[in-house]
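Report on the structure given below.
The values are calculated or read from the model by the stated rules, or taken from the named source; none is laboratory data. For clarity, every value in this text was computed on a predicted model and none was experimentally measured. Every residue, glycine as well, gets a Cβ built from its backbone with ideal geometry; the counts of neighbours run over all protein chains shown.
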Amino acid sequence: MSQSQARVKDRISALSDELICRILSCLDDTQCAVKTTVVSPRWKNLWTSLPNLHFCYDKTEYMREDAFLTFVDRVLFFRDSSDIKLFYLNLECPDVNYFSRFESWICTAIRRNVVELDLNVFVFPDSTFELPPSLFTSKTLEVLRLRSNFIVNPPKSGCFPCLKVLDVYLHYPDRYDSSLERIFSNCPVLEDLRIEGSIYIEWLCEDPSLKFTISAPQLKRMTLKLELDGSKEDYGNVMTVMFYINAPKLEDFNINKGVLSIVSCDFDAKYLFEANSDDNFRRHLDGTNGLLEAIINAKHLSLSTSDSENAVPAFHNLYHLELALLNFTCWGYLIDFLKRSRNLSYLVIKIVVNAKRENFTPPEFVPLCMLSHLKTITISGFQGTKDQLRVVQYLLKYSEVLTKVTITVSSGLSRAEEKALYKEFLMFERGSKTCQVELRN
């Protein structure tokens, strides 16, 4: 190839410095970006303008820890005057003597108008690192992720004026420090809050009524993903982790099954639209200050249940329901939702267990949503039992605006059994002339 042809085909050299920097910022590690200086003389100093900085130390690599720290120092020292959009640091169990350098790095990122700060610094349980005060007053920081046992000391006012996303992981909650709680109530524009970590049973025994207050006027999404460490049975049922949540604009609330038995939530959320849980949601909610009643304005609801003894509150705004049924007593729970959700349009039923006996009893009156709103039904885990067939028959017969029913059969059914099921579905009376039935495996 001639030199002129090579220049024509060299499209990378034709890219602007800004675009090349954006491409280099997509690399998982800034060390790789710095190594691109060997590509050509033009690339020699491009790394000094990278908007995203990723510093990840892996002990399995050949670089020593002190060499890694020196590398971070040099990258920040030789950086030009451009802003930093993302600063990511991942370092496991560093020496406490390095904490002053971490503080210097964070302060440098803040001075360079950092927008997203992600700190994964796994320090030893008996060590503490206090985040610098300038972090809490940053006027550019919008996303903060803390995955460590940092100590925070936010100011009483003017805290996180622009922070929209806060993601906190509690590594050592057995050494609880109330300073962390203060940031949950000092974020005036916070929209997304995620709290993860482990709850140590021994820790709760020392303080069986641990309380968190979350006050965020603009909060839209909240996730509690906590795990229990230890045996609750060894200590009785006196333990409670209490979350006082003042979030009038909350739209999406997620809580995992492992902590529902000891977590209590007291809501002040007038417009809660979506709530999700992955197990035993309804049964535990009845014992946690009526959390289900607190989400009666939900539009999208996804939950699992193994209990249908208690009445379902009215969900006048609910249009999408995903319901996982964990035992044979739950058909009544499904009917309760149909009767109490007059605007329900989309229904997803997940049959989780193989029940030997079931007890589906059609309601005395057809639920209003089936007459005017229910459009699609999706059923998974279908085994073709007598009561399951009766449920499908009832839904097809009385749903007058239904357009489609999709049924995924259990993997344990043979091809012949699937064909027999499909023929039976075709014979069921339908309240909607436009409804189509699809059988999947």
Could you go through region 389-403 and let me know if any residue there is exposed (fewer than 13 other Cβ atoms within 10 Å of the Cβ) and either touching a residue at least 12 places away in the same chain (Cβ under 8 Å) or out of contact with any strand residue (DSSP E or B) (no Cβ under 6 Å at 6 or more places or on another chain) (or both). no
For region 135-151, give me each residue that is touching a Ser or Thr at 6+ places or on another chain (Cβ under 8 Å) and surrounded by fewer than 18 Cβ atoms within 10 Å (Cβ to Cβ). 151
Which fully enclosed strands (runs of 3 or more DSSP E) of region 150-268 have 2 or more residues being of a type in the set (Phe, Trp, Tyr) and at pLDDT below 80? 240-246
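Considering only residues of region 116-127 that are surrounded by fewer than 18 Cβ atoms within 10 Å (Cβ to Cβ) and touching a Lys or Arg at 6+ places or on another chain (Cβ under 9 Å), which is modelled with the lowest pLDDT?
Taking region 116-127 first, the residues surrounded by fewer than 18 Cβ atoms within 10 Å (Cβ to Cβ) are 118, 120, 122, 124-127.
Filter again for touching a Lys or Arg at 6+ places or on another chain (Cβ under 9 Å), leaving 118, 120, 122, 125-126.
On the way: 118: 93, 120: 86, 122: 73, 125: 61, 126: 64.
Step by step, filter region 116-127, then rank; the result is 125.
I'd like to check something: does region 425-441 contain any residue that is over 36 Å from the mean Cα position of the chain (by Cα), among the basic types (Lys, Arg) and surrounded by fewer than 16 Cβ atoms within 10 Å (Cβ to Cβ)?
yes
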Among the residues of region 430-441 satisfying the criterion of being in a loop (DSSP other than H, G, I, E, B) and at pLDDT 90 or above, which is nearest to residue 347 (Cα to Cα)? 435
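Does region 303-311 contain at least one residue that is at pLDDT 80 or above and surrounded by 20 or more Cβ atoms within 10 Å (Cβ to Cβ)? Let's see the steps before the verdict.
Keep residues of region 303-311 that are at pLDDT 80 or above, which gives none.
No - not one qualifying residue is present in region 303-311.
Look at region 394-429 and say how many of its residues are hydrophobic (A, V, I, L, M, F, W, C) and outside any helix (DSSP H, G or I).
7
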Enumerate the pairs (first residue in region 422-441 and aliphatic (A, V, I, L, M); second residue anywhere and in a strand (DSSP E or B) and crowded, with 17+ Cβ neighbours inside 10 Å) with beta-carbon separation below 9 Å, excluding pairs fewer than 6 apart on the same chain, so at least 6 apart or on different chains. 426/437; 437/405; 437/407; 439/382; 439/407; 439/409
